[in-house]
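These notes concern the structure reproduced below.
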Amino acid sequence: MRCDCSSRNLTFIPTECPRNTSELYLASNDLGLLGKETFTRYTQLSFLDISDSNIPTIDQSAFNNLTQLKNLKFLNNPLKKFQSNVLAPLTELRVLSISYILLSTYPRESWSDVCRITALVCDDGPSNGTFSEIFSAMKNLNYFEVEYQSVVIHNFTFQSFKRTPLKQLNINGHLRVIEIDAFAPLELLSSLIIPNQNFLKLSKTLPALHVFQNRQMNELDLSNNFKNYGEYVISADLFAYIGNICVKRLSLGWNGIRRIDANAFQKMKYKHCLESLNLNHNDFDYHQDFIVLYLNFLINIKRIDISEISSRSIENIREQNTNGTRTLDHRAIFGTRSNWSIRLPSSLEFLNASFIIGRNDPINSITFKGIKRLEIVDLHTHHLQTAITQKMKYKHCLESQ
């Protein structure tokens, strides 16, 4: 049973919700003090959101009787410090959203109250660049998302996570530097998500991945990080920091990348591990004209997104082929100027190549070769006017653009 009383300017806990309510939404109100046994009426709650509710004080018994509560959201409230172990009654609490600064004030003698939490979301982080020792008590923490406040992740930042079985880390903020051994304490990490930092350097970020060498990982997301420092080429040596990880999903989209060295994919130690690759919204130039062929080294790839990788990439190929200023043999890809033949990995199931075809490419057809499992393909563009030929299981379902 869900009861939503958000944004109603309430100054008290409402009583009109059914007693068997399991999800209670009270965000964006003006609740003030949470007194003794505040939620006595709603003993069956499994989810409670009291974020943005102007709560400066919580009585030690406020959460009594909430023995079934699994998810608590307590973000953006004026409470500055825990005076007592108010989380003690929440024996089933597994997901907590809270200010990091507030969490770090929880009484040390009561750290056992947070030992069962499996997922933690913090809308701020440590001002001194290192996380509180309370994380050493979180013996079941698998997921951590943080709005990191500092511009540097230091080698000592995650030292308190040494005994934490963290598997997924999401870092938001405005990072500029990640020190070389910053992630070393995260010995069980399998998903690292660091998007939208804008001011990171490729040459100063990828080396920090060396601690994951030979590790099996589910996801590595470094999208929208590297646009602003003028480093637009990923050399084979830099790419090796990724290639030496057995990672399933890799995202490098929105980074302004102009070139990935030709042998970077070929030299990947664990290229057989990669199942999903996202390179969308980059600015590949004509040096990257064989990128589709490089992808054939990924023998188990299932999903590729190269949408909007700058139509100039394809237009440059055409120009170079036409004016003769650079000798290229594109017959492996293009049969004629208007009939394309592209070989794809046989394992591929999904391809998004929308908006990569330029204004000066009047295409009659595109034929995919080598495919066995391809089910979805997106070649949408404002300028593709003719039919697409596809040797795939569901080709009868597709219409020409």
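If the chain between GLN149 and VAL95 were fully stretched, how many nm would it gain, using 0.36 nm times the residue separation less the Cα-Cα distance?
17.2 nm
Note the full-extension length gain between SER104 and GLN266 as 0.36 nm times their separation in residues minus their Cα-Cα distance, in nm to one decimal.
The span from SER104 to GLN266 would gain 53.7 nm if fully extended.
Enter the accessible area per residue of the chain (Å², integer; probe 1.4 Å; all protein chains in place).
45 Å²
Given the -39500 (n - 2.57) contribution per DSSP H run of 4+ residues, what per-residue ellipticity at 222 nm results for the chain, rounded to the nearest 500 deg cm²/dmol?
Per the formula, -2000 deg cm²/dmol.
Show LYS36, LYS204, LYS227 ordered by accessible area, largest first, where the area counts protein heavy atoms only and the probe is 1.4 Å.
These residues rank, largest area first, as LYS36, LYS204, LYS227.
Just reorder TYR100, TYR143 by solvent-accessible area, largest first, 1.4 Å probe, all chains present.
Most to least solvent-accessible, the answer reads TYR143, TYR100.
Determine, for each peptide in 77-84, 55-62, the mean count of other beta carbons within 10 angstrom over its residues, then list the peptides with the highest first.
Top of the packing list down: 55-62, 77-84.
Calculate the spin-label point distance for LEU33 paired with HIS174, positioning each point 7 Å from the Cα along the beta-carbon direction, and give it in nanometres.
About 3.8 nm separates the two model spin labels.
Would you check the accessible area of ARG259, probe 1.4 Å, heavy atoms only, in square angstrom rounded to 10?
80 Å²
What label, among (1) 29, 63, 7; (2) 24, 42, 28, 6, 0; (3) 27, 61, 12, 0, belongs to P(r) over Cα pairs in 20 Å bins from 0, in percent computed from the structure on display?
(2)
Show SER51, SER136 ordered by accessible area, largest first, where the area counts protein heavy atoms only and the probe is 1.4 Å.
Of SER51, SER136, the descending order of accessible area is SER136, SER51.
Excluding ARG94 itself, what net charge comes from residues whose Cβ is under 14 Å from its Cβ, given Lys and Arg +1 and Asp and Glu -1?
Computed value for this residue: +2.
Let me know the charge dipole size of the chain about its Cα centre in debye, to the nearest 20, where only the beta-carbon of Lys, Arg (+1) and Asp, Glu (-1) is charged.
Dipole about the Cα centre, nearest 20: 1160 debye.
Label ARG373 and GLU219 with points 7 Å out from Cα along Cα→Cβ: what is the distance between them in nm?
Distance between the two pseudo-spin positions: 2.0 nm.
Round to a whole angstrom and tell me the spacing of the C-alpha centers of the range 169-237 and the range 95-158.
When both Cα centres are located, 20 Å separates them.
Ignoring ligands, DNA and RNA, what percent of the 1.4 Å accessible area of the range 1-105 is carbon and sulfur? Let's see the in-between values first.
On the way: 2210 of 4800 Å².
Carbon and sulfur together cover 46 percent of it.
The values are calculated or read from the model by the stated rules, or taken from the named source; none is laboratory data. Only a predicted model underlies this, so the values are computations on that prediction, with no experimental measurement involved. Ideal geometry is used to build each Cβ from the backbone, glycine not excepted, and the neighbour counts take in all protein chains shown. Just the protein is used for accessible areas: all its heavy atoms, side chains included, with ligands, DNA and RNA removed. Shrake-Rupley method; radii C 1.70, N 1.55, O 1.52, S 1.80 Å.
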